[in-house]
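First up is the structure itself, then whatever we jot down about it.
The values are calculated or read from the model by the stated rules, or taken from the named source; none is laboratory data. Because the structure is a prediction, the values reported are computed rather than measured. With ideal geometry, Cβ positions are generated from the backbone for all residues, glycine too; neighbour counts draw on all protein chains shown.
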Amino acid sequence: MTRRPLRILLPAVAALGAACSAPDSRQLQQPESTAAAATAAHERIHTNRDGKQLLRLPKEDDAFGFVVFCDRTGGPKEGIEVLKQAVRDTNLLDPDLVFTVGDLVNGYNEQPAWLEQASEFKNAMAQLRMPWFPVAGNHDVYWRGKDKPQGEHEKDFETHFGPLWYAVEHKHCLFVSLYSDEGDPATGKKDFTDPGCQRMSDAQFAWLQATLERHQDKRHVFVFLHHPRWLQGRYPGADWDRVHLALVAAKNVTAVFGGHIHRMRFDGVRDGIQYFTIASVGAFLDLDLPGVGFLHEFHVVTVRDGGIQLAALPVGTVMDPKAITGAMSDDVERLHTQLRHKNARGIAFAEDGSALGELVIDFDNPVAQPIELTVLPEGDETWQFGQDHAHVQIAALGSASVKIAARRAAAETAPSMPRIRIQTQYLTGGLRIALPELVRELALSPGDLPPPAAGSRGSLVLDGSAGTCLRVEHDMLRLPQGPLTVEAWVRIDDMKGRRAIVSKAQSSEFGLYCNDGKPHFSIRLGKAYVSATAPTALDGERQWRHLAGVYDEREVRLYVDGQLVAKKSGKGARATNELALFIGADPTAKDAPESFLHGAVQHVRISTVARYAGESFAPQLRSEPDEATALCLPCVNQVSLWTPDVSIHRAHARRLGAARCVLIER
């Protein structure tokens, strides 16, 4: 039989967590039928507001709960860890008692090994805060080896676990444990596959009848056995019909629970008795199909006078709310939203787009607990990596780097950036909490690029399609507080709608736009944008215009072809963000481009001074960098994936989509 991988902690399965009780007339709750009863009931609701009659009152009957564990054996050794997890889960639920339906030890051995396994099981179950009651299964009693005693391991079971059959009273209910591996009464043979070994002995049956007779006053009787003998196809020699009739005659048997088959199933209601089979708490699984009952789980039963309600809980899905502290909750949120690589370096690109080097990626841990990262590089077919993943553990509020050898083949197309998948584990109190995987593109810098040749006359052409623009990474752009000038030569081929020219705005920062033909410059100062908007639209498409937005710490001004067209008073600190700057687009909150420009751009310059004042100035055909220049993109040429920045900062812009620099006269 194929043994599937063991899964100790399973994701919650909604269908299995839902109530799975069967229809039963005893479960129906009778509504209060008299006005007097309704009035008396609502005296339990206390308020000085109207409308208390709208509230339903909870039941007041004597309810309690119990849990049913299933097979632990036949699987790998680590199955004991599943049992231990089920014990931890059950302690959180705090039922009155636990029944386990057999196969407690792997067995099929001689006494020394059996005793060792029994001790292991009992030590795990000893952690339960409530009593537990065993049922004997075939693994618990079958002997393999020399000197097999009569009854095989039956004596060992009764010495170390309890009687082979017995009954327990609790809260006016009766719990009956049956023994389904008595074997052949004539030969003593034990083999659950042999039809001659599947009958209940006269002694056990007589005890069962007498016990049921003595407890006819109990509100519920629950029966537990290892082999689900009611499955006639599996147990062709079983005499379960005889047993079932005895249960029916008692008139208070509510449910029967079995195990052995390592899968969960409900076999309906027969003569008012519900039949359930429990799956596994560490045993092997024939299939890995939690949604149809092949999983590690236990049944939770709520008992009321009128009936029972059941739920199956996958092992490992019960959470302790006291374990999720406020600090942990805040840490995990901060980790998921703030964890990012600071920079990626170490790769040198050639003009043909090829690349070679050791990729170094820096990370900061933003929380006061250690974390562990698994970083997996990936890219298109042109990229190769020296390893498929890298691990790093980062101390609380610390920093660390991972290193991955990388190579890119030369290609005619501009190189795409490689990506990393980041798998994060938050380490606290002996726990390892896995966070959702993050995918991040690496914004690799090309290093030094050759400046445009003297007299270059190209322009950046943007066709307005989604994703077509230039991108300058936030970490590469140095913009202190204070005055600011944003300018560019632009040719707008389609003025309809919102067209971003240069923008870093997202509830912060600044942007230079053309909205339905009207130039517009905005800068976020404190809690609000201060904007200067041209009163009229530009007088024609496909014409080169010089646009400049200026902030001098007193007012915001907009110039078109050197003429002041709008101004507005404003002062204060610029609200900042960590998003990229886009040429020909506007950033979204997720650092992606939108509001794409359809046209062409040259000589984008951002300066940390107010370059223009007064009513007019003469725009220069070329924007030259100086010490106040934070970014200067002539946009007249491209090198591989980039359009070079000729300022001292070398914040080269990466071309995205169909953006390209071609020869266009201005």
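Which of the following residues is free of Cβ contacts under 8 Å to residues at least 12 places away in the same chain, assigned to a helix (DSSP H, G or I), closer than 26 Å to residue 143 by Cα and out of contact with any Lys or Arg (no Cβ under 9 Å at 6 or more places or on another chain): 186, 203?
The unique qualifying residue is 203.
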Sole exception among (1) surrounded by fewer than 15 Cβ atoms within 10 Å (Cβ to Cβ); (2) modelled with pLDDT under 90; (3) more than 22 Å from residue 439 (Cβ to Cβ) for residue 380, by number: (3)
Subset of the range 260-305 (residues that are within 23 Å of residue 243 (Cα to Cα) and out of contact with any Phe, Trp or Tyr (no Cβ under 9 Å at 6 or more places or on another chain)): 261, 271, 272, 273
Boolean, residue 247 is of a type in the set (A, V, I, L, M), under 48 Å from the mean Cα position of the chain (by Cα), in a strand (DSSP E or B) and assigned by TED's automatic domain parsing to the domain that holds residue 270: no
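Can residue 353 be described as surrounded by fewer than 21 Cβ atoms within 10 Å (Cβ to Cβ), touching a strand residue (DSSP E or B) at 6+ places or on another chain (Cβ under 9 Å), outside the structural domain of residue 172 (by TED's automatic domain parsing) and part of a loop (DSSP other than H, G, I, E, B)? Reasoning before the result, please.
Working: surrounded by fewer than 21 Cβ atoms within 10 Å (Cβ to Cβ): yes; touching a strand residue (DSSP E or B) at 6+ places or on another chain (Cβ under 9 Å): yes; outside the structural domain of residue 172 (by TED's automatic domain parsing): yes; part of a loop (DSSP other than H, G, I, E, B): yes.
Answer is yes for this residue.
Kindly indicate the residue of the range 480-505 that is β-branched (Val, Ile, Thr) and in contact with a Lys or Arg (Cβ under 7 Å, 6 or more places away or on another chain) and also nearest to residue 542 (Cα to Cα) among those meeting that condition. Outline the logic, then answer.
Looking only at the range 480-505, we keep the residues that are β-branched (Val, Ile, Thr), and these are 485-486, 490, 492, 501-502.
Right, trim to in contact with a Lys or Arg (Cβ under 7 Å, 6 or more places away or on another chain) and you get 485, 490, 492.
Working: 485: 24, 490: 9, 492: 5 Å.
Top of the filtered list is 492.
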Residue, surrounded by the most Cβ atoms within 10 Å (Cβ to Cβ), within the range 507-557, restricted to residues that are aromatic (Phe, Trp, Tyr) and free of Cβ contacts under 8 Å to residues at least 60 places away in the same chain: 521
Lone unmet requirement of (1) modelled with pLDDT under 95; (2) closer than 20 Å to residue 529 by Cα for residue 487: (1)
Filtered residue count, the range 168-212, keeping only those that are among the β-branched types (Val, Ile, Thr) and closer than 25 Å to residue 233 by Cα: 3
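Please determine, by comparing only the residues of the range 310-342 that are surrounded by 16 or more Cβ atoms within 10 Å (Cβ to Cβ) and either acidic (Asp, Glu) or more than 21 Å from the chain's Cα centre (by Cα) (or both), which one is nearest to residue 383 (Cα to Cα).
Here the answer is 331.
Considering only the range 95-112, state which residues are of a type in the set (Phe, Trp, Tyr) and assigned to a loop (DSSP other than H, G, I, E, B).
We begin by selecting, within the range 95-112, every residue of a type in the set (Phe, Trp, Tyr); these are 99, 108.
Matches in the range 95-112: 108 only.
Given the options 158, 154, name the one that is buried (at least 20 other Cβ atoms within 10 Å of the Cβ), within 21 Å of residue 184 (Cβ to Cβ) and without any contact (Cβ under 8 Å) to a residue 24 or more places away in the chain.
On the way: 158 fails: buried (at least 20 other Cβ atoms within 10 Å of the Cβ).
After applying the criteria, what remains is 154.
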The range 380-421 - residue that is free of Cβ contacts under 8 Å to residues at least 40 places away in the same chain and in contact with a Ser or Thr (Cβ under 6 Å, 6 or more places away or on another chain) and, of those, farthest from residue 444 (Cα to Cα): 391
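Quick one: which residue in 145, 162, 183 is touching a Pro at 6+ places or on another chain (Cβ under 7 Å), in the same structural domain as residue 250 (by TED's automatic domain parsing) and of a type in the set (Gly, Ala, Ser)? Steps first, please.
Details: 145 fails: touching a Pro at 6+ places or on another chain (Cβ under 7 Å); 183 fails: touching a Pro at 6+ places or on another chain (Cβ under 7 Å).
Only one candidate qualifies: 162.
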Pairs with Cβ under 6 Å, 6+ apart, first in the range 168-181 and part of a strand (DSSP E or B), second modelled with pLDDT of 95 or more and of a type in the set (Ser, Thr, Tyr): 177/166
Residue in the range 225-244 that is within 26 Å of residue 105 (Cα to Cα), buried (at least 20 other Cβ atoms within 10 Å of the Cβ) and touching a Leu at 6+ places or on another chain (Cβ under 7 Å) present: yes
Unique residue being farther than 26 Å from residue 206 by Cβ, under 31 Å from the mean Cα position of the chain (by Cα), assigned by TED's automatic domain parsing to the domain that holds residue 92 and touching a residue at least 12 places away in the same chain (Cβ under 8 Å) when the list is 268, 282: 282
Residue identified as surrounded by fewer than 21 Cβ atoms within 10 Å (Cβ to Cβ) and closer than 24 Å to residue 541 by Cβ among 650, 660: 660
Filter result for the condition that a residue is touching a Phe, Trp or Tyr at 6+ places or on another chain (Cβ under 9 Å), surrounded by 16 or more Cβ atoms within 10 Å (Cβ to Cβ) and among the small types (Gly, Ala, Ser), over 118, 124: 118
Those residues of the range 113-132 which are in contact (Cβ under 8 Å) with a residue 24 or more places away in the chain, part of a helix (DSSP H, G or I) and within 17 Å of residue 102 (Cβ to Cβ), in sequence order: 114, 118, 120, 121, 122, 124, 125
One residue from 644, 619, 625 being surrounded by fewer than 21 Cβ atoms within 10 Å (Cβ to Cβ) and either assigned by TED's automatic domain parsing to the domain that holds residue 349 or in contact (Cβ under 8 Å) with a residue 40 or more places away in the chain (or both): 619
The lone exception for residue 664 - which of (1) among the β-branched types (Val, Ile, Thr); (2) touching a Pro at 6+ places or on another chain (Cβ under 9 Å); (3) at pLDDT below 90 it fails: (2)
Extreme residue, nearest to residue 286 (Cα to Cα), among residues of the range 210-244 that are among the charged types (D, E, K, R) and part of a loop (DSSP other than H, G, I, E, B): 234
Matching entry among 256, 221 (being within 20 Å of residue 309 (Cα to Cα), in contact with a Ser or Thr (Cβ under 7 Å, 6 or more places away or on another chain) and either hydrophobic (A, V, I, L, M, F, W, C) or modelled with pLDDT under 95 (or both)): 221
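Could you check the range 89-115 and list, in sequence order, the residues that are among the polar types (S, T, N, Q) and surrounded by fewer than 17 Cβ atoms within 10 Å (Cβ to Cβ)? Steps first, answer last, please.
First, pick out the residues of the range 89-115 that are among the polar types (S, T, N, Q): 90-91, 100, 106, 109, 111.
Hits for the range 89-115 are 91, 111.
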Meets criteria (modelled with pLDDT under 95, in a loop (DSSP other than H, G, I, E, B), loosely packed, with under 14 Cβ neighbours inside 10 Å and in the same structural domain as residue 309 (by TED's automatic domain parsing)) for residue 77: yes
Among the residues listed as 165, 143, 132, the single one being touching a His at 6+ places or on another chain (Cβ under 6 Å) and under 24 Å from residue 116 (Cα atoms): 143
